[in-house]
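The values are calculated or read from the model by the stated rules, or taken from the named source; none is laboratory data. Only a predicted model underlies this, so the values are computations on that prediction, with no experimental measurement involved. Counting neighbours? That spans all protein chains shown, and the Cβs are built from the backbone with ideal geometry, glycine included.
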């Protein structure tokens, strides 16, 4: 993953910065990654914003609740944000969409003091 998020479109960077705080508050949130056309610089006027959030722990049904929380956070955006929840363990041997995220994604900072506040219960 790249970390050159400062070079992103300013409007999208502003959106992602606003989303980072509530996402950081979700238990176990570790990584927020922009992927797809905005990360590759191939976006057009109608492009959606593809966002992946990786959570501490194994992939399990609990991620369903994280996904619901992410969907609520992103629904109020002025952009069409398509958000997906993944386990951080999926980055150890990425395949499919996680491999694309790992290769082309731009990791965005979460608020460390908030994202470090413990794991899932």
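For residue 45, the conditions (1) touching a strand residue (DSSP E or B) at 6+ places or on another chain (Cβ under 8 Å); (2) more than 22 Å from residue 102 (Cα to Cα); (3) without any contact (Cβ under 8 Å) to a residue 40 or more places away in the chain are fulfilled apart from (1). Filter the stretch 63-81 down to residues that are free of Cβ contacts under 8 Å to residues at least 40 places away in the same chain and touching a strand residue (DSSP E or B) at 6+ places or on another chain (Cβ under 6 Å) and give me whichever is nearest to residue 14 (Cα to Cα). Among them, the one singled out is 67.
Residue count for the stretch 16-57, restricted to those that are part of a loop (DSSP other than H, G, I, E, B), crowded, with 16+ Cβ neighbours inside 10 Å and touching a helix residue (DSSP H, G or I) at 6+ places or on another chain (Cβ under 7 Å): 3.
Listed here are the residues, each with its yes/no results for (1) at pLDDT 85 or above; (2) assigned to a helix (DSSP H, G or I); (3) surrounded by 20 or more Cβ atoms within 10 Å (Cβ to Cβ).
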position: 63; (1), (2), (3): no, yes, yes
position: 72; (1), (2), (3): yes, yes, no
position: 77; (1), (2), (3): no, no, no
position: 86; (1), (2), (3): yes, no, yes
position: 98; (1), (2), (3): yes, yes, yes
position: 103; (1), (2), (3): yes, yes, no
position: 121; (1), (2), (3): no, no, no
